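Some notes on the structure that comes next.
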Amino acid sequence: AVSGLMRCTPKTKMTSFSRLLSLVYPRLCLLCSERLVGDEQFVCGSCREMFPKTGFLDARHNAVEQRLAGMVRFDRAMAVYYYVRGNSVSRLVHDFKYHNMPKLARWLGTQMYGELVFTDFFSDIDAVIPVPLHWTRRLRRGYNQAAELAAGLCECAGLPVAGLLRARMHISQTRRTLRQRADNARGKYYAVREEGYDGRHLLVVDDVCTTGSTLIAAVRALAEAYPQSRISVLTLAATV
C-alpha cells in the first residue's frame, strides 16, 4: 500500500534552473543535514519516518482529549506527533515559529493529513479554523503558523479554511506555569459570526498542545458564537 504521507504531499516539479541551483546550493535535510533527493522537502525520507507519532487514533481518551475534557464541549481531539524538547518535531516547530519558515509549517500540514488520510477523521469536517495570533504578533512574525498548518492540511483534504477566530492582546504562554497559562488564556479569543457555519462540524487546528489552555479558550469562543456546531481539535504535536 502507498503511504498516506506519499499520497498527500504536493509534488514540486523541479525546473532546469532549480536543478542547477541545487548543484551549487544543495538542499539539505533540516534534521540530519543529508542531501534531499527527488521530491523530498525540508526533511529526508529517513528522518520523516522517525517522526514520533502519537498513535492517538488508536487510543481512547488520549492526552489531548483529557486536557479538554470537562472544560469545553468537543467532538474529538488529537495530536499527530509527540513534542519533547530536542526531538525532531520540536526542532521543526522551533524553525517554523522563530526562523521565518512558513513554508515548513505548510508542508507539515500536509504531513498531518498524510497520517490521517486512511482514517475517517476528516470524513464529516466542514471547515478548518486555525488558532489565530494577535495582529501585533503576526506582524512581527510575518505569518500565523497555525494558519500555515491549516493551509497545508486543507490543500490535501479539499476543505475550506475559515478565519472565524480573532485574538485579543495577551502575554505569551512561553515559560509560564500551568496556572499562569490557564489564567492568561481566559478571554484570549473571540469568534466572528459568518453565515453558513452554525450547525457545521468545525475543526480547530494549532501547532502544539501543552496544557490545553489555548485550545480550551479557542473552542469556548467558537462554541459561544456557533452553539449549534460540532467542534473538533487537531494539533501537529502534543507534549507528553
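The values are calculated or read from the model by the stated rules, or taken from the named source; none is laboratory data. Nothing here was measured: the structure is a model prediction, and the numbers come from that model. Glycine also receives a Cβ, built like all others from the backbone with ideal geometry; neighbour counts cover every protein chain displayed. Areas reflect the complete protein model, heavy atoms only, side chains present, ligands, DNA and RNA absent. Shrake-Rupley method; radii C 1.70, N 1.55, O 1.52, S 1.80 Å.
Computed values, structure above
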{"quantity": "Residue tally, condition open to solvent by 40 Å² or more (accessible area, probe 1.4 Å), closer than 16 Å to CYS47 by Cβ and either assigned to a helix (DSSP H, G or I) or among the β-branched types (Val, Ile, Thr) (or both), over region 73-98", "calculated": "3"}
{"quantity": "Count of residues meeting criterion [assigned to a helix (DSSP H, G or I), open to solvent by 10 Å² or more (accessible area, probe 1.4 Å) and touching a strand residue (DSSP E or B) at 6+ places or on another chain (Cβ under 9 Å)] in region 99-144", "calculated": "4"}
{"quantity": "Region 12-70 - residue that is surrounded by 14 or more Cβ atoms within 10 Å (Cβ to Cβ) and of a type in the set (Phe, Trp, Tyr) and, of those, modelled with the lowest pLDDT", "calculated": "PHE56"}
